[in-house]
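Novice: First, the structure itself, so that you have it in front of you.
Every number in this text was worked out from the coordinates using simple rules, so none of it is lab data. Note that the coordinates shown come from a computational prediction; the quantities given were computed from them, not determined experimentally. Methodologically, a virtual Cβ is constructed for each residue, glycine included, from the backbone with ideal geometry; neighbour enumeration extends over all protein chains shown.
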Amino acid sequence: MANCLLARPRRDPAFPAPIPFADRLLAHRLRALCTEAIACHQGGRFAEAVARYEKILSLKPDLPEAHNDLGLALAELGRFDAAIVAYQWAIELKPKNPAALCNWGAALSHLDRFDEAEVKFRRAIAINPDFAGAHHNLSVILKESGRLAKARQAAEQAVRLAPRNGSYYEHLAIVRSFVAGDRYIRALESLAEDGALLSAVDRIHVHFALAKAYEDIGRPENAFRQLLAGNGLKRQQNAYDEATTLARIDLTRELFTPDFMQSRQGSGEQSRVPVFIVGMPRSGTTLIEQILASHPEFFGAGELGLFEQATDVISDALHPSRSFPEMIMATSGEHFRALGAHYLDKLVQRAPRAARITDKMPGNFLYAGLIHLALPNAAIIHAVRDPIDTCASCFSINFSRGQTHTYDLAELGRYYRHYQALMAHWHRVLPPGRIIDVHYEDLVADLEGVARRTIAHCGLTWDARCLDFHRTERSVRTASATQVRQPIYKGSVGRWRKYEKFLGPLLAELEPANGNSVRTVSDFKENMHKTPPQPNADDTILSPRFFAVQESVHGLPV
């Protein structure tokens with residue numbers, strides 16, 4: 001950046017004109033701000049980085065690289081609309097800027113503006129056909145819209161252009177199946193052997209990609225060893241606080257008593273539009289949403305953080321220092337109506353004419369009681385799958401964000417047990433039938449019967465198009481995006497048994513202290529109405545998607 005700022009036209013190459021004092025002062029100030037901005041950005045202090053970039057641009061607004069970096073920092077804060085404005089300025093100042101175009105596309109994708117995002121990625125590729133990041137992002141868009149053959153082609157191109165990028169290989173593993181002797185397996189094995197030369201992040205991607213490859217060619221033991229390695233590295237990198245997480249689940253159960261629920265109900269927003277699909281990740285939530293979204297009166301909105309955001313708004317208004325669940329003790333009927341109205345306003349913007357809109361954020365199971373009070377007519381669907389299959393499937397996924405409890409088998413088992421106890425609690429304190437349990441095993445065995453029951457729970461009449469869910473054209477942004485493009489199949493039932501010899505830590509934690517085992521789906525059904533298991537002594541002590549292609553944060557301009 002310094003060189004760019006100091007460069008000025010010269011009257012005569014032999015006799016350069018002196019740089020005026022004001023220009024030198026400006027250049028010095030911009031260099032200092034740039035250094036600060038980069039330090040903040042690389043240190044994860046994105047709000048501070050935004051402030052520095054905005055100051056830089058107030059002094060010199062014609063720097064496309066600064067606009068690009070401002071967009072990157074804004075995107076890290078989830079401010080995608082503002083990021084898009086920054087990228088637009090970057091392109092206005094430098095039209096042939098493939099990195100800014102790619103970043104712009106990534107921001108659009110986060111706002112579900114997939115068609116526009118695809119245009120940006122293709123424009124970036126047209127400017128620079130060897131831009132691996134743009135090919136990767138294009139592949140993600142194609143995968144999520146169900147164009148799997150084209151997604152594979154784009155993913156293979158990204159790998160060809162950047163053969164040591166682990167994240168590109170992991171995405172390739174998602175969109176293609178491997179066969180014995182596959183050249184991509186050989187390439188992945190070679191990368192794994194050179195692990196010391198890769199970053200920790202790339203090693204994680206390679207381990208997960210190899211696990212998928214070995215699974216495809218029938219080598220489950222090799223696959224699970226790769227999962228153990230990849231998850232072990234990922235666990236070292238995340239800041240999962242098990243004690244706080246489990247305590248929050250338990251406190252929710254303690255505060256939402258039958259008396260509390262009885263005294264607060266009847267005052268929320270009355271709309272029937274929202275349909276919540278909750279449960280553990282990898283329990284069938286995406287399949288359920290795809291079936292519902294095939295109904296002409298449904299819109300599948302995917303995994304939304306809207307309810308948690310709405311809860312935070314009410315919490316901040318009540319007591320900024322108290323979050324959910326502590327804040328509920330100060331709530332009244334007025335607060336529940338406001339919470340429901342705030343959520344509904346944001347939700348219906350996704351599909352203003354839809355009779356029902358699904359929100360399949362699995363973690364909303366934590367808020368089921370609050371959902372009932374704020375939106376008493378909203379349908380709540382609980383996706384349930386065999387506990388061991390659920391946890392083993394979670395362990396096989398390198399989530400792009402969140403799900404920090406899934407990278408250690410024992411931690412995953414303890415989390416599942418606390419989740420199961422909370423769901424049993426909701427069934428006891430909410431009105432009978434308020435939550436419908438949809439078991440994955442039942443769904444794949446009797447698609448029409450379970451689908452009919454689920455549609456009826458949502459208050460709509462049956463439509464046979466729900467049986468052809470795999471033909472429904474819509475974007476699916478979860479790890480199950482490729483599976484829901486296929487007709488119903490039973491191959492995932494009991495899948496954990498291939499890995500049983502490795503699952504000791506998980507199986508041990510799925511045995512509660514009071515003997516109410518949750519190791520099978522039938523156990524889960526039985527335990528729904530039993531006394532919830534108490535944490536043992538040890539417990540009480542206690543997501544690759546789109547890539548923003550930075551290009552310039554490490555020194556403006558490139």
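Novice: Could you give the distance between the Cα centres of region 134-182 and region 87-104, to the whole Å?
Specialist: Comparing the Cα centres of region 134-182 and region 87-104, I get a distance of 24 Å.
Novice: For Lys60 paired with Arg495, estimate the spin-label separation in nm (one decimal), with each label point 7 Å from Cα along the Cα-to-Cβ line.
Specialist: 5.2
Novice: Another question, then. Lysines within cross-link reach of Lys346: Cα-Cα under 24 Å, excluding same-chain residues under 8 positions apart?
Specialist: Reachable lysines: Lys360.
Novice: Turning to a different aspect of this structure: Distance from the Cα centre of region 343-407 to that of region 272-293, in angstrom?
Specialist: Spelled out, the Cα-based centre of one part sits 7 Å from the other.
Novice: In which sequence would Thr404, Thr454, Thr244, Thr257 go, from the one with the fewest C-beta neighbours within 10 Å to the one with the most?
Specialist: By the 10 Å Cβ count, ascending: Thr244, Thr257, Thr404, Thr454.
Novice: I've got another one for you. If the cut-off is a Cα-Cα distance under 16 Å, which lysines reach Lys498, setting aside same-chain residues fewer than 8 apart in sequence?
Specialist: Correct list for Lys498: Lys212, Lys490.
Novice: For region 270-360, state what percent of all Cα-Cα pairs lands in each successive 10 Å bin, counting from 0 Å until the bin that includes the largest distance.
Specialist: Going from the shortest bin to the longest, the percentages are 16, 42, 30, 12, 0.
Novice: Further, regarding this structure: What full-extension length gain, to one decimal in nm, is calculated for Ala351 and Asp194 as 0.36 nm per residue of separation minus the Cα-Cα distance?
Specialist: Taking 0.36 nm per residue and subtracting the Cα distance, the gain is 51.7 nm.
Novice: Here is a further query. Among Val273, Val348, Val140, rank each residue by its count of other Cβ atoms within 10 Å, from fewest to most, as a rough exposure measure.
Specialist: With the sparsest Cβ surroundings first, the list reads Val348, Val273, Val140.
Novice: What FRET efficiency, computed as 1/(1 + (r/R0)^6) with R0 = 25 Å and r the Cβ-Cβ distance, is obtained for Arg272 and His319, rounded to the nearest 0.05? Don't skip to the end; give the middle numbers.
Specialist: Details: r = 31 Å, r/R0 = 1.24.
FRET efficiency, Arg272 to His319: 0.20.
Novice: How far apart, in nm, are the 7 Å Cα→Cβ label points at Gln88 and Ala341?
Specialist: The answer from the label model is 3.1 nm.
Novice: Still on this structure, please answer the following. Please count, across region 81-210, the pairs of lysine residues with Cα atoms under 19 Å apart that sit 8 or more places apart or on different chains.
Specialist: Eligible lysine pairs with Cα atoms under 19 Å apart amount to 4.
Novice: Here's something else I'd like to know. Return the Rg/Rh ratio of region 242-486 with Cα-based radii and a Kirkwood Rh.
Specialist: 0.94
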